[in-house]
Amino acid sequence: MNNDLFFSPDPIVRKNARDLYESIKDLPLLSPHGHTEARWFAENTPFENPTDLIITPDHYIFRMLFSRGISLDSLRIPRKDGSRMEGDPRDVWRLFAKYFYLFAGTPTGLWIREELRTVFETDIPLNEKNADLLYDHIDACLKDERFRPRSLYERFNLELLSTTNGAAYDLSWHENIARSGWKGCIVPCFRPDDVTDIGRPDWLKNLGKLGELTGENTETFSGFLNALRKRREDFINLGCNSTDHGVKSPWTHRLSEKDAATIYTQALRGKADDEDQKVFAAHMLMMMAEMSTEDGLVMQIHPGVYRNHDQSVYDLYGGDRGADIPVRCEYTRNLKELLNAYGSHPNFKLVVYTLDETTYTRELAPLAGYYPAMLLGPAWWFNDSFQGMKRFKQSVVETAGFYNITGFVDDTRALPSIPVRHDFSRRIDADYLAHLMVQGILTQQEAEALMPELAYGLTKKVFNREGKLR
Amino acid sequence: MNNDLFFSPDPIVRKNARDLYESIKDLPLLSPHGHTEARWFAENTPFENPTDLIITPDHYIFRMLFSRGISLDSLRIPRKDGSRMEGDPRDVWRLFAKYFYLFAGTPTGLWIREELRTVFETDIPLNEKNADLLYDHIDACLKDERFRPRSLYERFNLELLSTTNGAAYDLSWHENIARSGWKGCIVPCFRPDDVTDIGRPDWLKNLGKLGELTGENTETFSGFLNALRKRREDFINLGCNSTDHGVKSPWTHRLSEKDAATIYTQALRGKADDEDQKVFAAHMLMMMAEMSTEDGLVMQIHPGVYRNHDQSVYDLYGGDRGADIPVRCEYTRNLKELLNAYGSHPNFKLVVYTLDETTYTRELAPLAGYYPAMLLGPAWWFNDSFQGMKRFKQSVVETAGFYNITGFVDDTRALPSIPVRHDFSRRIDADYLAHLMVQGILTQQEAEALMPELAYGLTKKVFNREGKLR
Amino acid sequence: MNNDLFFSPDPIVRKNARDLYESIKDLPLLSPHGHTEARWFAENTPFENPTDLIITPDHYIFRMLFSRGISLDSLRIPRKDGSRMEGDPRDVWRLFAKYFYLFAGTPTGLWIREELRTVFETDIPLNEKNADLLYDHIDACLKDERFRPRSLYERFNLELLSTTNGAAYDLSWHENIARSGWKGCIVPCFRPDDVTDIGRPDWLKNLGKLGELTGENTETFSGFLNALRKRREDFINLGCNSTDHGVKSPWTHRLSEKDAATIYTQALRGKADDEDQKVFAAHMLMMMAEMSTEDGLVMQIHPGVYRNHDQSVYDLYGGDRGADIPVRCEYTRNLKELLNAYGSHPNFKLVVYTLDETTYTRELAPLAGYYPAMLLGPAWWFNDSFQGMKRFKQSVVETAGFYNITGFVDDTRALPSIPVRHDFSRRIDADYLAHLMVQGILTQQEAEALMPELAYGLTKKVFNREGKLR
């Protein structure tokens, strides 16, 4: 990796950034939230080919190609019905290589560039001319034992890798890994949106599975709550540290048990409307927080995304196709009930993320700088970038301090990009601390103490892996 | 011009910025959107005097003087009834010179300073003491052939200059230029707000003119649509590349033809209310997009301004008096219908501008980084500034990439400031790219390829002047 | 103080920043808005102990400790009923010292560090080990004549210190100081929220006091207005320069006299609802502006805070406990009536503050860059920080210019931090101007002229202490 990537031009800042970075660059990686698949590590079979490893599953990549007029079919993105354009994955790779210049200056472009360098160990630049050369090189790598999922986990120096799974998700891949004796720590994160969002088309189907998995009667609201409690326990037994909630809005509101049960029953009958969906989601956030105070799972909220904005693409190709667009988000009023109820609870931690950067200084940092339970997740998704991470730190640290934010969380579905993503975060943090040092805001001692916390320590404490935050 | 204006203090970044800037500083200027007047180039008579050239038409200038208590009358701003304080334009210039220190650190101050240097070729600083000296100097220039409108166009190395005109605007000045044999390319931009905004006091009058100009019966909605189609053709025949829409909100919504016709008829009878105005505007954006897919005009939207905020100034002096204030703007939900209908259409381009910078990372960059038709216009109006342009690039490029934004668009009504405005944009872009290079984010090759695109190439492609975007 | 604190790493910028800073660092301090107490200067008795001087009154400090799980009781924060945990203030100090690392990178951390250095003249770093040493050192200082309130005022080179007081506040401490012959200038700022917010639980009680203090019949709306006018005069007689309004929203709206009186009467009967409260507040802002045009008090608005977000802490400990969280704020539409009525009045000045930074470029700078009466207060509260001040200047100056903003306003309740706060602002401004100079945006002459204006001159003119803005 470029020894000075991201570091400031100023030679004194750069020198300090480099020293800080060197002091932590070899610390293990913690990946407490992301979208890789347990199956990969259970089966440990080689990845198919460069295209299906790098392009097809990653909407960060194909959305940009689509935005300049390249069709999803020509990229062989699978359709909802499972079908897929015929053709050679190599042709997709060639298209990608030809248009790779579109990614100049984007995090995706940098991830790919550095992933090729450090994971696939090649300096050949990705462009139209080199398309086949690189395809063949990566393809050969994938046939090598060193590039099987478990080997990658080990080479990447991962200490923890969390997948994200619905309440109705069958955990057998995780169980399989646990039984296998392999030392890797692949844990699930409990994301019950599949059963708490009564507006989902697959809600009833998911409820059914949840009932089967737990033996609880999900025809009643109390049965449903019991099933959730049991399911959380199942996840915990497989190493789960946290829950996650991908809600439209972070509104939290406790209903009476009777009112909640009434909405639930309405929903079972297919008679719940949008308002019911909203208020039920608000109530379920309260319930999930309450259960977290009992079982200690760290609660994460990822709100404020308009999913599947492009209806015709959704109808044909389904979700996660790059058409998820953020919307304005409000936290001060929306989180009030939850924070008033549990924000000072000694056994509760709430990690909040946002795509609405206007809330950094105005709402999130003041809230995290007050409530003991609340912590801020790092710059998320589109903002998991050089400028995005700088804006995050520059906006929140002065009000919330360094100790009310978590360390880096990669949130990726692209396994081979994990070390690069962590490396970027560590570099950007090192440069940020070096700046503060050179400007007299932090002493050298403070900067040196903060560096490993940001790179590793805070994440470990926040996600209950070791140590205590308070 | 100061050889290093805007360049970073760091010597390595500065060196690279200078090299990048030198490589493109002499490229021709494209001005595909602005508010100069075709009449100037048709008549090609000398500008009257320094005050009427530089101060009176430019609300960027007189709003700042007004803000520190200088009355519009003392600046001889014309009143709505056409009257104007008596007095010598030189006195207005003296006031301007005396208070020019108010513009320290503002783009307007820098434009004036550099315009004096490069267009009027004088280094005398503008202040109270030098007021007369500079007035006389500029006045003498204006009497020189070199300062006539066509000469300025040529000296400025303009390749295209677009005016902005209503649907009911008589294009005879443009026709006159076209017939004159002069090589300058002065084209109109089609801005039909005068007939699509049924809330305007002059709507009926404009409709009448539109009917006359096209021979269509604007008493019916279908006649109105036909008139618009014809009018677009008239504009296209004079070189028009684009439409522009100065809507209050970017809300887009298709009505049934019957509902649209009903509102139109209500409006003709003077019975349309605010809600009708809103929904009709939303429908007309859909219609304009549809027509763009047919005739290829690039559609521009400039939303989110509260016009004429100061009622008493509006009553006396009319619009464009500096009292237009931005308001919050929403794009994700508002543009959904339009983008779902036309966002992937191969013959459609939508350029979106904003004064609400909060939408850069949250809404606009994600949308532009997905929909093939959508592109982002540069930092607009108040944000057409050093910091404003930096914030724009730092916010949108990481998500949308460089190839989903247009190059610079000056949007000026101050003809002599055009080269300076372009020069500023080129300098700021050069410095931005140099930074990315020195920090390892762009390779030198990438930065060198992007520089002419930002300065010239992207604008040319986006506005259909040459080449293709996809 | 660290000679280069906050200055840019670049040696040329740093050199210029240092020169600019040196030229103004010894100018007197103006503190036209804050929350110190007149009693301190009237009585001039020594401060009790380090804890009660530095920790207990300062929610900036104890909110951060609370956020990492330290209870308000263990910090001996007084409860609503006046009671307080028993214990030694030294124990609180020890807790503070132990957890002082939480403040790394925050303005509060820097204020404390530099306050220890410059006011208490010690370089011993604050940490667990040094807790007692520092406690004893400060405690010894406080017993010294040099650390009594009046001595501090003089040592700090204060020229003006404004407290903030309700309309029903008894001004006898201020009168006492005025009569004492002491040269210090301790003036009140008129903050009538206690009687203009009909939703306050203590409203009737405050009205009663207001009646007593003025001899007016506050049972009628016209009597209430007369009382306000008289009270403003009382404040003015004690040197008051300004009013302040801590409204939820900056909405301004004039009611008919009859409607206003009706709501007032309803409120007296305990029958006003939330909507009444809102509209009455909007009307009272109009009335306060009108009175300002008559008596010349500078009107300040501090809107957009959700007070006492943590209900259980509020119930037990009362307000100002760190749980005030900003919310989104709108100015363009909300201030329209006020600015249309008084925004160009020659005897009116309106200083607007915000915690919603999204309004800087979008609303506040455009408004201040147009209306003669309107000025922008500096970065407020959470944003009174290194990054916050940079964002403020970078966002507003290009549109509003330097002369539509006020100089620094410290807004503190921590007396010994005043010189440090001003010093930080002066340093950050010096660095900002140096940057603009080195990048060619300001000439050296412009930067040198602006420096003392930002440090001293603008504040003096805005708050009617000397000179005129227009």
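The values are calculated or read from the model by the stated rules, or taken from the named source; none is laboratory data. Because the structure is a prediction, the values reported are computed rather than measured. When we count neighbours, we look across all protein chains shown, and the Cβ atoms used for this are built from the backbone with ideal geometry, even at glycine. Note: areas computed on protein heavy atoms with side chains; ligands, DNA, RNA excluded. Shrake-Rupley method; radii C 1.70, N 1.55, O 1.52, S 1.80 Å.
Side notes on the structure shown:
- Output for segment C:435-466, where each listed residue is closer than 25 Å to C:ASN347 by Cα and small (Gly, Ala, Ser): C:ALA455, C:GLY457
- Search result, residues across segment A:182-209 that are touching a Gly at 6+ places or on another chain (Cβ under 9 Å) and among the hydrophobic types (A, V, I, L, M, F, W, C): A:CYS185, A:ILE186, A:VAL187, A:CYS189, A:PHE190, A:VAL195, A:LEU204
- Qualifying residue in segment B:319-333 (condition: assigned to a helix (DSSP H, G or I) and in contact (Cβ under 8 Å) with a residue 40 or more places away in the chain): no
- Filtered residue count, segment A:235-278, keeping only those that are in contact with a strand residue (DSSP E or B) (Cβ under 9 Å, 6 or more places away or on another chain) and over 23 Å from A:LEU335 (Cα atoms): 5
- Taken as a whole, the condition of being open to solvent by 10 Å² or more (accessible area, probe 1.4 Å), farther than 29 Å from B:HIS345 by Cα and either of a type in the set (A, V, I, L, M, F, W, C) or not in a loop (DSSP other than H, G, I, E, B) (or both) does not apply to B:VAL279.
A quick yes/no check of all residues on (1) open to solvent by 10 Å² or more (accessible area, probe 1.4 Å); (2) out of contact with any strand residue (DSSP E or B) (no Cβ under 9 Å at 6 or more places or on another chain); (3) within 20 Å of C:PHE463 (Cα to Cα):
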| position | (1), (2), (3) |
| --- | --- |
| C:PHE402 | no, yes, yes |
| C:ASP410 | no, no, yes |
| C:PRO416 | no, yes, no |
| C:GLN445 | yes, yes, no |
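- From B:ARG155, B:ARG79, residue being over 16 Å from B:TYR60 (Cβ atoms) and touching a Phe, Trp or Tyr at 6+ places or on another chain (Cβ under 6 Å): B:ARG79
- Long-range neighbours under 7 Å by Cβ, at least six apart or interchain, first residue among the charged types (D, E, K, R) within segment C:401-417, second in a helix (DSSP H, G or I) and open to solvent by less than 10 Å² (accessible area, probe 1.4 Å): C:ASP410/C:ILE418; C:ASP410/C:ARG421; C:ASP410/C:HIS422
- Qualifying positions in segment B:239-258 - touching a His at 6+ places or on another chain (Cβ under 9 Å) and free of Cβ contacts under 8 Å to residues at least 12 places away in the same chain: none
- Scanning segment A:111-166 for residues that are among the small types (Gly, Ala, Ser) and surrounded by fewer than 20 Cβ atoms within 10 Å (Cβ to Cβ) turns up A:ALA131, A:ALA140, A:SER151, A:GLY166.
- Listed by first and then second residue, the pairs linking a residue in segment A:184-203 that is small (Gly, Ala, Ser) to a residue that is in a strand (DSSP E or B), with Cβ atoms under 9 Å apart and 6 or more places separating them unless they lie on different chains, are A:GLY184/A:LEU158; A:GLY184/A:LEU161.
- Residues being modelled with pLDDT of 95 or more, in contact with a helix residue (DSSP H, G or I) (Cβ under 6 Å, 6 or more places away or on another chain) and more than 7 Å from chain A (Cβ to nearest Cβ) - total across segment C:316-328: 1
- Qualifying positions in segment A:298-309 - farther than 19 Å from A:ALA379 by Cα and surrounded by 22 or more Cβ atoms within 10 Å (Cβ to Cβ): A:HIS309
So that you can scan it fast, the table gives a plain yes or no per residue for (1) open to solvent by 10 Å² or more (accessible area, probe 1.4 Å); (2) more than 9 Å from chain B (Cβ to nearest Cβ); (3) modelled with pLDDT under 95:
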residue	(1), (2), (3)
A:GLY296	yes, yes, no
A:GLN311	yes, no, no
A:VAL351	no, yes, no
A:THR358	yes, no, no
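- Residue count for segment B:121-131, restricted to those that are of a type in the set (A, V, I, L, M) and not in a helix (DSSP H, G or I): 2
- C:ALA449 at pLDDT below 95 and more than 24 Å from B:LEU72 (Cα to Cα): no
- Exclusive hit being more than 9 Å from chain C (Cβ to nearest Cβ) and either within 27 Å of A:SER67 (Cα to Cα) or open to solvent by 10 Å² or more (accessible area, probe 1.4 Å) (or both), set A:ASN340, A:ASN383: A:ASN383
- Counted residues, segment B:208-233 - those being touching a strand residue (DSSP E or B) at 6+ places or on another chain (Cβ under 9 Å) and open to solvent by 20 Å² or more (accessible area, probe 1.4 Å): 0
- A count restricted to segment C:422-454 and to residues that are away from every other protein chain (no Cβ under 12 Å) and farther than 19 Å from C:SER8 by Cα stands at 1.
- Any chance A:ARG155 is under 27 Å from A:MET389 (Cβ atoms) and at pLDDT 95 or above: yes
- One residue from C:LEU454, C:LEU450 being in contact with a Phe, Trp or Tyr (Cβ under 9 Å, 6 or more places away or on another chain), in the same structural domain as C:ASP384 (by TED's automatic domain parsing), farther than 23 Å from A:ILE441 by Cβ and buried (at least 23 other Cβ atoms within 10 Å of the Cβ): C:LEU450
- Scan of segment A:130-157 for residues that are under 26 Å from the mean Cα position of the chain (by Cα) and among the acidic types (Asp, Glu), ordered by number: A:GLU154
- Residue within segment C:84-92 that is of a type in the set (A, V, I, L, M, F, W, C), in contact with a Leu (Cβ under 6 Å, 6 or more places away or on another chain) and within 13 Å of chain A (Cβ to nearest Cβ) present: no
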